[in-house]
Amino acid sequence: MNPFAYSRASDATQAIADVSKPRAKFLGGGTNLIDLMKMGVETPDSLIDINRLPLAKIEALPGGKGVRIGAMVRNSDLAEHSLIKSRYPVLSEALLSDASTQLRNMATVGGNLLQRTRCYYFYDPAFPACNKRNPGSGCGAIDGYNRIHAILGQSEHCIATHPSDMCVALAALDAVVRVQGPKGEREIPFKDFHRLPLHTPERDTNLEHDELIEYVDLPSLPFAERSHYLKVRDRASYAFALVSVAAILDVDRSKNVKAVRVALGGVAHKPWRASKTEQALIGKTADEKTFRAAAEAELARAKGYKHNSFKIELAKRAMVRALSTVAAMT
């Protein structure tokens, strides 16, 4: 491990000032960052511990406007909170399907937003070709072993996927990320928080280096009470998604779709909002045939590689199953 300095921030202003150095990093739960430091992928020269910042509350927003989640809330606490379980079960289910109990007890909401890909080539500094780790070096996964890689939104520079389950649910819920930096506070709609690889795969998010995530706001979304998170993976626990689906559905008494939110995980460089699926479902009958057609519309632009083409059909089937599960609730 490379040497680094360590300090504890007493407030947000101090934390932001301390992280302004080019190679400084915030330290929350450390469940991803410390791993990357051990592997030599991340080499910060300064860690700013933000665990003492007062950002560990979950509370209803005034006027029924939704729920605010502090960035230092632990994943296990968020998953089991009564407001989340009753109003946004898809988020609770996503969190409980993520990692292990021990990791959920340490991992924070803010850190979960900033998780880095688990691409084999990114995680191995001995392998030179990784544009995310070493811009301009190429993407080893394109012609390599790419079973876990992207089928949507990828570029010739990177086909890595985003690893978070929580973020897939937040994408479906239209969450808003509230951050603070030297220029003050700003809000980032969740759809704009993470980035597709394009020509700059080394940048995972639109968060600036010296900005601190303080809260995640969930809007009031009454029909989100009927929602489900489906995760398809190689083993039943402690594994990243091959494909996952966050599905939220509102139907009328005639079983016609009034409103819908769908997001996919394990298929793209960021949590993938399935807008084509949503458009195809509005006003249609909530049945398996309709769900399959809507899934086909979303995956029409998918591109598979040597080892992951199976994900295209898997994603379609997972979407049908997740939507059918929610439709049965109504």
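Take the Cα of ALA328, go 7 Å toward its beta carbon, and the backbone nitrogen atoms of segment 268-290 under 16 Å from that spot belong to 286-289.
For LYS38 and ARG317, the FRET efficiency from 1/(1 + (r/R0)^6), where r spans their Cβ atoms and R0 equals 51 Å, is about 0.85.
For segment 115-166, the per residue solvent-accessible surface stands at 37 Å², with DNA, RNA and ligands left out and a 1.4 Å probe.
Coupling constants for segment 227-241 follow from the phi torsions by the Karplus curve (6.51 cos²θ - 1.76 cosθ + 1.60, θ = phi - 60°), and in residue order they are 8, 7, 10, 10, 10, 9, 8, 6, 9, 6, 8, 6, 8, 7, 6 Hz; glycine and proline get x. FRET efficiency for the ALA17 to GLU202 pair, using the beta carbon distance and R₀ = 25 Å, is estimated at 0.50. Neighbours of ALA247 by Cβ distance under 10 Å: Lys/Arg scored +1, Asp/Glu scored -1, total +3. In the context of the full set of protein chains, segment 1-96 has a per residue accessible area of 48 Å² (1.4 Å probe). I want to check the label-to-label distance for ARG118 and HIS307. Put each point 7 Å from Cα in the C-beta direction and report it in nm to one decimal. Label-label distance for ARG118 and HIS307, simple model: 1.4 nm. Dimensions of segment 201-318 along the principal axes, based on C-alpha atoms and rounded to the nearest Å, stand at 50, 40, 29, largest first.
Potential lengthening of the chain between ARG235 and ASP45 amounts to 64.7 nm, from the contour at 0.36 nm per residue minus the alpha-carbon distance.
Other residues whose C-beta falls under 14 angstrom from the C-beta of VAL177 contribute a net charge of -3, scoring Lys and Arg +1 and Asp and Glu -1. The listed residues VAL232, VAL109 rank as VAL232, VAL109 when sorted by accessible area, largest first, using a 1.4 Å probe. What trypsin sites (Lys or Arg not before Pro) in segment 258-330 are in a loop by DSSP, with at most 10 other Cβ atoms within 10 Å of the Cβ? Hits after loop and neighbour filter: ARG301. With both residues required to sit in the chain, DSSP beta bridges show an antiparallel share near 85%. When segment 187-230 is described by a simple charge dipole with +1 on each Lys and Arg Cβ and -1 on each Asp and Glu Cβ, the residue from TYR229, LEU207, LEU218 located farthest towards its positive end is TYR229. Of the whole protein surface, THR101 contributes about 80 Å² of accessible area at a 1.4 Å probe radius. When the chain is described by a simple charge dipole with +1 on each Lys and Arg Cβ and -1 on each Asp and Glu Cβ, the residue from SER155, HIS194, MET39 located farthest towards its positive end is SER155.
For segment 1-75, with only Lys/Arg (+1) and Asp/Glu (-1) charged at the beta-carbon, what is the dipole magnitude about the Cα centre, in debye rounded to 20? Using Cβ point charges on Lys, Arg, Asp and Glu, segment 1-75 gives about 180 debye.
Scaled against the 2.2 N^0.38 Å expected of a compact globular protein of N residues, the Cα radius of gyration of segment 280-327 reads 1.20. How large, in percent, is the carbon and sulfur part of the accessible surface of the chain at a probe radius of 1.4 Å? Answer for the chain: carbon and sulfur cover 51 percent of the accessible area. Label segment 50-133 by shape, choosing from rounded, prolate and oblate, from the square roots a ≥ b ≥ c of the eigenvalues of the Cα gyration tensor; if a/c is under 1.5 it is rounded, and otherwise prolate applies when a/b is larger than b/c, oblate when it is not. Taking the square roots of the gyration eigenvalues as a ≥ b ≥ c, segment 50-133 is prolate.
Under a model in which nothing but the beta-carbon of Lys, Arg (+1) and Asp, Glu (-1) is charged, the chain shows a dipole of about 800 debye around its Cα centre. Normalised by residue number, the volume inside the convex hull of the Cα atoms of the chain is 129 Å³ per residue. With the helix formula -39500 (n - 2.57) applied to DSSP H stretches of n ≥ 4, the chain reaches a computed 222 nm mean residue ellipticity of -7500 deg cm²/dmol.
Note on GLU185/SER82: beta-carbon distance plugged into 1/(1 + (r/R0)^6) with R0 of 22 Å gives a FRET efficiency of 0.20.
The values are calculated or read from the model by the stated rules, or taken from the named source; none is laboratory data. These numbers come from a predicted model, not from an experiment. When we count neighbours, we look across all protein chains shown, and the Cβ atoms used for this are built from the backbone with ideal geometry, even at glycine. Just the protein is used for accessible areas: all its heavy atoms, side chains included, with ligands, DNA and RNA removed. Shrake-Rupley method; radii C 1.70, N 1.55, O 1.52, S 1.80 Å.
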